[in-house]
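Visitor: Have a look at the structure that comes next, please.
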Amino acid sequence: MKHIIVAREEGRFLSWAANDGVWGWADEIVVGYTNGAYEFKEQGHRISGEQSSFPALSRSRDGGESWQREEAASYNMAAEPIPAEAIDFTHPNLAIRCSANRLLVSYDRCRSWRGPYLFPDFGFSEQLNSAEHPQQHIAATIWDPSEDAPTPP
């Protein structure tokens, strides 16, 4: 195993790739992360709550040996319904980013994004919008399209 730094900037908190996404196509890898002001704290995440943070991307074209930072274009979170033409899951350059009840779609390896779209609740709106867990998780149901859609409990 080899550890490589994807991005570093003095005085900045660059982290949470697990929340922002990692995508790969052969030797090309894109890592999404949060870029915010660094603030030392004894406990918790060392990101300033006083200053704004924003999504960022780094890209490698050599299997992760070297990285270039990029702007995260069209990466906002104001949602709209999924378009009628749906999502092409067979597209060779597809990347999908999910966050809370929203998803973004890219067909050009994360260079631009469509959406965000409201993540469908598949008939589980009562469970997803419960008072105990408001928008703290995503539920997805995937089925064989040759079969009938599953019925919510």
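The values are calculated or read from the model by the stated rules, or taken from the named source; none is laboratory data. The model shown is predicted, which means the values in this text are computed figures rather than measured ones. Here the Cβ is made from the backbone with ideal geometry for all residues, glycine too, and neighbour counts use every protein chain on show.
Visitor: Only residues that are farther than 23 Å from Asn101 by Cβ, in contact with a Leu (Cβ under 9 Å, 6 or more places away or on another chain), surrounded by 11 or more Cβ atoms within 10 Å (Cβ to Cβ) and free of Cβ contacts under 8 Å to residues at least 60 places away in the same chain: list them for the range 1-37, please.
Guide: Val31, Asn35
Visitor: Would you call Gly64 on the phi > 0 side of the Ramachandran plot, among the small types (Gly, Ala, Ser) and surrounded by 14 or more Cβ atoms within 10 Å (Cβ to Cβ)?
Guide: yes
Visitor: Ile4: closer than 15 Å to Trp67 by Cβ and at pLDDT 90 or above, yes or no? Steps first, please.
Guide: Values: closer than 15 Å to Trp67 by Cβ: yes; at pLDDT 90 or above: no.
So Ile4 does not fit the description; no.
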